[in-house]
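As structure tokens, the structure follows; a few thoughts come after it.
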Amino acid sequence: MSVLKKKKSRVLILATTAGVIASFSSGAIIYNASSDNSLGMILFSSEDKSLLHPSNNVDYSRTIDSITDKNIKELSKQPKIEKPIEKKIEEKITPPKVEEVPKPPTAAPEPPRITPEVKNYRPEISPLVQRSEKVKIFGVEVNATVLARPDRVVSQKDKDKGIANISGYQNVTVSKLLNIEVTAELEQKVAQNALGGEEGKGIGLFGNNLTLVANQIGITEGLDKAEAVLIKQNPNTWNENIHRYKQLLDSGNFIKFLKPGKEDEYRRLEKEGFKSLNQKYIWIIANLDQSKFTKISQKSLDYLKKGLAIDPRNAIINANGEIDSLVWNVPDQYNKVTSRLSRDNSTRRVFDFDQWYLRSSDSIVQGKYHGWNKTDKTNEYSSYGISTGDGIKVFELTRQNPVNDGSKRNSGIVVEIDAANSSGYGKLKNLINKFKSEKKEITSYRIFNMGETSPTQEFKEILKSLPDNLPQLELFFSAQATNTSSLIALKDKNIKELSLYTMGNSLLDSWSFNPWSLNKVEWINTNDYNVSSQYPPNTPIATRISFDTVAFDQEDYLKEGDYDRINNGLRMVYFVRNNEPFFQGRHGSGTEPDSSEGGNSYPTGLDFSRVPKIKSLRGLVFHDIEKPNNGSRKIKRLTLANSNSSFEITSDELSAAGLENLAIGEPEQPKIFFSNGYSTNSMKITLKQGHTKLDPAAIDNLNKYYQYSDALKAGGKKVKVDSNATELKTQLQQLGFMVEEDNGLTFT
């Protein structure tokens, strides 16, 4: 995030730098130029944004993923307009820990996501009802045509299997905006805001930081001073804004848009020669006549007819002097993201609030919610054996404005535990059981530092002791361990709200979850802070974990060949609950997440390190058995259990290994890992009774193991076989493998 993205950060940097080299007046100017309240925004991922490049034809089948956690976006048919890339000077500051109301999420092109290539793929979207209604854009009410979205349909089979959300979940509840009536009043209002009026104040084309400095310093104190302030001291301000004018500046048409009397002055200065191109730009921008920019480009008018208005923060002036934009803003009432966030914050949170915005890192750690008071009640629970040094505290949260109709809770008891405190950790299970036996209602448990003292710290029995019905559970895992295997103890527990946080790296591939641990969790919180580049590396910031790996446990595969429990778990993640943000991995939803799951992202890792009997992807189902048009899912990272130097597999399993379900053909090749890392340096093949060699399918899959496993590659293509498997030895040698008998003899 740029230095000037947040109000107080920008004030700090600009005021400080100006004070060192400038007079009191120039310092004041910088302060005023930095007072854009609307820049205090919080970034977050896996989400759609409000600024959309309109599209009716989006093909995700050949996209690739990235490791960034971005907001949901939509691709446009229009040529993508890029900001000029300019080298930025790194400016390091420590962001102030002040919770501000962020700006609503914006949108840009759709992020890459892993989706299968399906011939003649067409999303299965339930019939939409078209209707007319009123819509407000920048305060101007106009007629609109919309499509009303139907309720999400979940099959009874999936409900019977226990893999559907027990309370139901709909991602998108707002109508789809098709077109609007563009009136002269609306067109004028959009132009005014783009130039810097009302909603565009401080962020539009005039009155932003760059134009304020150009006008107030460039005119009064000279171009040398303005260039120093903008280019040297605050390059982010320059780089983030200059592209908005460059089409006009470089075209030469700016002459027609200068203030009265400035054309002759420009020609004189041009003849004398500006000291630098940047100073020339600053002079021109300072002398543009805002009143001469009245026309909106045809492209932006076409978007406006679809209900997408110019976003003042991204407005530009094109070469013809027309007001244009890089992104366009959907009206709030049709914003899929903010409407979902507001609804979930209001109806899914235990300590609810009605705003759309997410909680900050500090609020997460402190357990604070907008509209609620938090009071320490630990002393009142001393009879339960809680002492000062245990790291256990009890709080009461009370609603500031009580709701008296019984529809929502007005208070709740929260128990916070520091699992790094050995005394409190040792007491926790008994404390939970005592609360249950005495029927003491606890609204929420918040357990911090899980796995901080040891990666093997045991939590399964503690989580198992939690009540079968619990309003809220918040768990803070150590990123040093990323051990979330204890979550399986939550299976069949009805939890209204579950939050999974870390103070470390929230984007590690090793973060994984067993879907059965969430089978009766009504809402997994993805509305809270998701770490961004705003903070320096290794800063301990509380953030929600982004899970991109699905894992299973030994109890999920008790009988050989019985893959039902694993397949049902995969189906829960990939399709049945895939409209929920948590189950979409790192890259967010598609355009119709509730009815066309094939367009949604999903976790691309699969971890069987706790299931030793699983040797491949044999028997596993990665396609949608009920909606074929959703296609199938592809795996980028497969982890298999192994405790020996050789990974043992039978020839019949090798023939049906299912490795075609790996994400083969992507720019980044899939990977096969083993639980013991590079200690696995070979494979051992046992022939099925009656077989003497490998069939073509087995050979193909064998090659895939070695192609996609760095550990096996490092081992030198070694394969072990039984001493009496002579034909297999010869076959493998001819295929280029170094074959060893199980007794250690090597055949060359």
Taking first residues from the stretch 479-494 that are without any contact (Cβ under 8 Å) to a residue 60 or more places away in the chain and surrounded by 18 or more Cβ atoms within 10 Å (Cβ to Cβ) and second residues anywhere that are charged (D, E, K, R) and outside any loop (DSSP other than H, G, I, E, B), the pairs with Cβ under 9 Å that are 6 or more apart or on different chains are 486/460; 486/461; 486/464; 487/460; 490/464; 493/464
What tally of residues in the stretch 655-672 results from selecting those that are closer than 14 Å to residue 707 by Cβ, buried (at least 16 other Cβ atoms within 10 Å of the Cβ) and at pLDDT 95 or above?
7
The stretch 332-366 - residue that is crowded, with 19+ Cβ neighbours inside 10 Å and touching a Lys or Arg at 6+ places or on another chain (Cβ under 7 Å) and, of those, modelled with the lowest pLDDT
337
Could you pull out every one of the helices (runs of 4 or more DSSP H) wholly within the stretch 229-324 that has 2 or more residues that are under 39 Å from the mean Cα position of the chain (by Cα)?
235-241, 243-251, 277-286, 298-305
Using the structure shown, decide if residue 205 is at pLDDT 95 or above, touching a strand residue (DSSP E or B) at 6+ places or on another chain (Cβ under 6 Å) and not small (Gly, Ala, Ser).
yes
Which residue out of 144, 164 is crowded, with 19+ Cβ neighbours inside 10 Å, touching a helix residue (DSSP H, G or I) at 6+ places or on another chain (Cβ under 8 Å) and either among the aliphatic types (A, V, I, L, M) or modelled with pLDDT of 90 or more (or both)?
164
Scan the stretch 441-465 residue by residue and report those that are in contact with a strand residue (DSSP E or B) (Cβ under 8 Å, 6 or more places away or on another chain) and either of a type in the set (Asp, Glu) or surrounded by fewer than 20 Cβ atoms within 10 Å (Cβ to Cβ) (or both).
441, 442, 443, 449, 457
If I go through the stretch 304-331 residue by residue, how many of them are surrounded by 17 or more Cβ atoms within 10 Å (Cβ to Cβ) and either closer than 24 Å to residue 249 by Cβ or among the polar types (S, T, N, Q) (or both)?
18
The number of residues in the stretch 734-748 that are loosely packed, with under 10 Cβ neighbours inside 10 Å and at pLDDT 95 or above is 2
Please specify each residue of the stretch 532-571 satisfying the condition of being of a type in the set (A, V, I, L, M, F, W, C), assigned to a loop (DSSP other than H, G, I, E, B) and in contact (Cβ under 8 Å) with a residue 60 or more places away in the chain.
541, 542, 545
So if I check each of 310, 284, which one is aliphatic (A, V, I, L, M), in contact (Cβ under 8 Å) with a residue 12 or more places away in the chain and under 30 Å from residue 136 (Cα atoms)?
310
Run residue 573 past the list (1) modelled with pLDDT of 95 or more; (2) crowded, with 19+ Cβ neighbours inside 10 Å; (3) out of contact with any strand residue (DSSP E or B) (no Cβ under 6 Å at 6 or more places or on another chain) and report the number of the one that doesn't hold.
(3)
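The values are calculated or read from the model by the stated rules, or taken from the named source; none is laboratory data. Predicted model only: the values in this text are computed from it and were never measured. Backbone-built Cβ (ideal geometry, glycine too); neighbour counts: all protein chains shown.
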